[in-house]
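Bear in mind that the values in this text are calculations on the coordinates, not laboratory data. Note that the coordinates shown come from a computational prediction; the quantities given were computed from them, not determined experimentally. Glycine also receives a Cβ, built like all others from the backbone with ideal geometry; neighbour counts cover every protein chain displayed.
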Amino acid sequence: MDWGKTLAPYKQAVEELKVKLKGIRAEYERESSNSPIEFVTGRVKPIPSIIEKARERQIPLENLDTLQDIAGIRVVCQFVDDIYPIVEMLRKRNDFQIIEEKDYVFHKKDSGYRSYHMIIEYPVETVTGRIIVIAEVQIRTLAMNFWATNEHSLNYKYEGNLPSEVKLRLQKAAEAAFKLDEEMSKIRSEIHEAQRVFHRKS
Ligand SMILES: Nc1nc2c(ncn2[C@@H]2O[C@H](COP(=O)(O)OP(=O)(O)OP(=O)(O)O)[C@@H](O)[C@H]2O)c(=O)[nH]1
Ligand SMILES: Nc1ncnc2c1ncn2[C@@H]1O[C@H](COP(=O)(O)OP(=O)(O)OP(=O)(O)O)[C@@H](O)[C@H]1O
């Protein structure tokens, strides 16, 4: 298997999407208005993780294009109220096609996980023509990201079999992250005002 060749279009898609979404943040900054986007990250799924997922789902390595998260983009925002405007903005774009949306913000997962997911078909131009790459866009708040990052590390450590005590603590932490998001939403306009003043001064 030539991983370099197989993953090249995914890498291209991740790089292009990162530039485009970071550009939106820069646009807000230039206008000195509050950006709904705090930061953007992206990654091509690590090869061992691709192999493991394909094995679990009994997907032959020739059919990797059925995995939806090989190309992954993450848009992190300050407030829950920023998530849906970002979703709306992405729906209006015509440089990709949205094929699925999953609202784990409104319907959190049993683990406590919250995020808004979009699965998109993104066209990548190559020397031999256009390739449609499937990519996953996760949109979440800083608090949701903090929780998910830590939960992901623990899942990795315990190989997916979290001890019940750890699971319980994570559920409590998810509840606390939810409350933090709620509290921050209540003082959102004050925080925005403070950030605008800070932006003007700097
Ligand atoms: N940390 C964390 N991340 C999650 C959790 N659930 C989903 N995710 C993230 O969201 C991605 C897609 O999850 P789902 O929307 O559930 O997709 P799926 O194909 O049904 O399930 P996966 O096998 O997890 O990809 C995962 O690959 C993770 O990056 C969770 O409970 N904890
Ligand atoms: N859409 C995404 N955008 C940016 N980073 C991501 C995205 N999805 C996962 N990551 C990050 O990529 C790294 C590798 O994650 P990996 O794909 O192995 O795990 P996972 O997303 O939980 O997948 P799986 O569904 O296979 O368990 C982790 O740090 C994870 O947080």
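Details
- For the peptides 140-149, 5-14, residues were scored by their other Cβ atoms within 10 Å and the scores averaged per peptide; the highest-first order is 140-149, 5-14.
- Think of each Lys and Arg Cβ as +1 and each Asp and Glu Cβ as -1; about the Cα centre, that makes the dipole of the stretch 3-201 roughly 360 debye.
- Considering only the Cα atoms of the stretch 99-202, their convex hull presents on average a projected area of 11.0 nm².
- Largest-first principal axis extents, alpha carbons of the stretch 3-201, Å: 52, 47, 26
- Relative contact order (percent, whole number), the chain, Cα cutoff 8 Å, 6+ residue spacing: 21 percent
- Helix-only arithmetic for the chain: the sum of -39500 (n - 2.57) across DSSP H runs with n ≥ 4, divided by the residue total, places the mean residue ellipticity at 222 nm at -17500 deg cm²/dmol.
- Summary of packing: across the peptides 91-100, 63-72, the per-residue average of other C-beta atoms within 10 Å ranks them, highest first, as 63-72, 91-100.
- Under the Karplus curve 6.51 cos²θ - 1.76 cosθ + 1.60, θ = phi - 60°, whole-Hz ³J(HN,Hα) for the stretch 166-178, x wherever Gly or Pro sits: 5, 4, 5, 4, 5, 5, 5, 5, 5, 4, 5, 5, 4
- The label point for residue 159 and the one for residue 19, both projected 7 Å from the Cα toward the Cβ, are 4.2 nm apart.
- Candidate cross-link partners of residue 20 among the aspartates and glutamates, defined by an alpha-carbon separation under 13 Å and a same-chain spacing of 8 or more, comprise 95.
- Positive minus negative residues near residue 35 (Lys, Arg vs Asp, Glu; Cβ under 12 Å): -1
- In percent, rounded to a whole number, the relative contact order of the stretch 80-172 is 23, using alpha-carbon pairs under 8 Å and six or more apart.
- Greater than 29 Å apart at Cα, pairs in 22/167; 53/179; 108/157; 53/102; 45/167; 18/167: 22/167; 53/179; 18/167
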